[in-house]
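Inspection log for the structure reproduced underneath, given as structure tokens.
The values are calculated or read from the model by the stated rules, or taken from the named source; none is laboratory data. Since we're looking at a predicted model, the values are computed, not measured. Methodologically, a virtual Cβ is constructed for each residue, glycine included, from the backbone with ideal geometry; neighbour enumeration extends over all protein chains shown.
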């Protein structure tokens, strides 16, 4: 395996994953609203979504999407619609008592299924992620790099993404952090909703280059 290439891929990915975007907003919102377990499952969903991008990049499907305005726009509008949907739901949040943080009602379903799907769909439908992985696997990674080595890169990217967002979930699900946000009441949820709506609108106007 080309270790110099691997380090380059890792550094580029680090810069990309640390940049706030839809994944970050969704993980933070789930962690604050539903706790560490929900935030962690959302992070796992985001990490699993990476395998989707890696898979079609290795198969060359990402190249087809990047060259087809129609396919790109379909993916773009699906992602934008999803972000707008969850953003508008958050904007309509009602005031909740701080004691609600202690109630586990519905937490099991949300933390396992709802949270995971939220993270997976947010990452999997992001056309910017499509373009990022396409660039990574066609420009940064040498086409002559063995397929097994590229697969190892993909596993690393998914694992590193999951670890990063698990740390984000850990931070924002701390009792003191959640209590602080709880004192702000539903305004935090609405603020996160505005961020998600903004990201959805921005994504809707993304052009294929």
Checklist entry - Any idea which of 169, 182, 194 is at pLDDT below 75, assigned to a helix (DSSP H, G or I) and over 30 Å from residue 3 (Cβ atoms)? => result 182
Item to check | Condition met for residue 8 (in contact with a helix residue (DSSP H, G or I) (Cβ under 9 Å, 6 or more places away or on another chain), modelled with pLDDT of 95 or more and outside any loop (DSSP other than H, G, I, E, B)) | outcome: no
Checklist entry - When you go through 187, 148 one by one, which is the residue that is at pLDDT below 75, part of a helix (DSSP H, G or I) and surrounded by fewer than 20 Cβ atoms within 10 Å (Cβ to Cβ)? => result 187
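Residues checked against (1) buried (at least 24 other Cβ atoms within 10 Å of the Cβ); (2) within 22 Å of residue 153 (Cβ to Cβ):
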site: 12; (1), (2): no, yes
site: 23; (1), (2): yes, yes
site: 26; (1), (2): yes, no
site: 29; (1), (2): yes, no
site: 35; (1), (2): no, no
site: 48; (1), (2): no, yes
site: 56; (1), (2): no, yes
Next on the checklist: Quick check on residue 15: is it out of contact with any helix residue (DSSP H, G or I) (no Cβ under 8 Å at 6 or more places or on another chain), outside any loop (DSSP other than H, G, I, E, B), modelled with pLDDT of 80 or more and farther than 15 Å from residue 126 by Cα?
Outcome noted: yes
